1. Taking Asp75, is it within 15 Å of ligand 2 (Cβ to nearest atom), under 21 Å from Tyr23 (Cβ atoms) and part of a loop (DSSP other than H, G, I, E, B)?
2. So, in the range 44-89, of the ones that are among the hydrophobic types (A, V, I, L, M, F, W, C) and farther than 26 Å from Tyr111 by Cβ, which residue ends up nearest to ligand 1 (Cβ to nearest atom)?
3. Exactly one condition in (1) farther than 21 Å from Leu91 by Cβ; (2) within 16 Å of ligand 3 (Cβ to nearest atom); (3) hydroxyl-bearing (Ser, Thr, Tyr) is not met by Thr25; state its number.
4. Going by the conditions given, is Gly78 without any contact (Cβ under 8 Å) to a residue 60 or more places away in the chain, of a type outside the set (Val, Ile, Thr), within 29 Å of Ile35 (Cα to Cα) and open to solvent by less than 40 Å² (accessible area, probe 1.4 Å)?
Amino acid sequence: MKNILYLLFFLSTPLVCQAVSAYDTNDDGEADKWIEDFADGHMKITVDSDYNGVVDRVIRFDSEGRTDYEEYDFDLDGLIDTYYFYGEEGLERQEIDSNGDGKIDIWVHLYKGMFMKSYERDTDFDGIVDQKKEYGSE
Ligand SMILES: [Ca+2]
Ligand SMILES: [Ca+2]
Ligand SMILES: [Ca+2]
Ligand SMILES: [Ca+2]
């Protein structure tokens, strides 16, 4: 499921990037923050927050400046472990790799950007959801 979402994400992204700006925020001579402006007005910020040369944070903004996608490597092991997907009402879904094996094992669905609608978990990390909980949606 995660791969399909990813594919759609990239297919909906214009392939032509207008401009990339690289920044060296800690003055060590290596770029650690990149800002890309795309032809359709959206923007992407990529950050290497611990300056080890490996990107650990990506944030995308739509043409109106609203966040529409984020990914983080919170434990800085080089693998992205948390993804945020945004819709019209703000944050819609969070996907988490809680054991650092590179595979999502928690899916959280939200409404109105902050209320939990439901979640699914793969508690034994075999790739199959084994726990689901639904909350009220309104
Ligand atoms: Ca730097
Ligand atoms: Ca890093
Ligand atoms: Ca990680
Ligand atoms: Ca996992």
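The values are calculated or read from the model by the stated rules, or taken from the named source; none is laboratory data. Computed from a predicted structure; not experimentally measured. Here Cβ is always computed from backbone atoms with ideal geometry, including for glycine, and neighbour counts include all displayed protein chains. Calculation scope for accessible area: heavy atoms of the full protein, side chains included, ligands and nucleic acids excluded. Shrake-Rupley method; radii C 1.70, N 1.55, O 1.52, S 1.80 Å.
1. In short, no.
2. Once the filter is applied, the top-ranked residue is Val47.
3. Of everything listed in (1) farther than 21 Å from Leu91 by Cβ; (2) within 16 Å of ligand 3 (Cβ to nearest atom); (3) hydroxyl-bearing (Ser, Thr, Tyr), Thr25 misses just condition (2).
4. no
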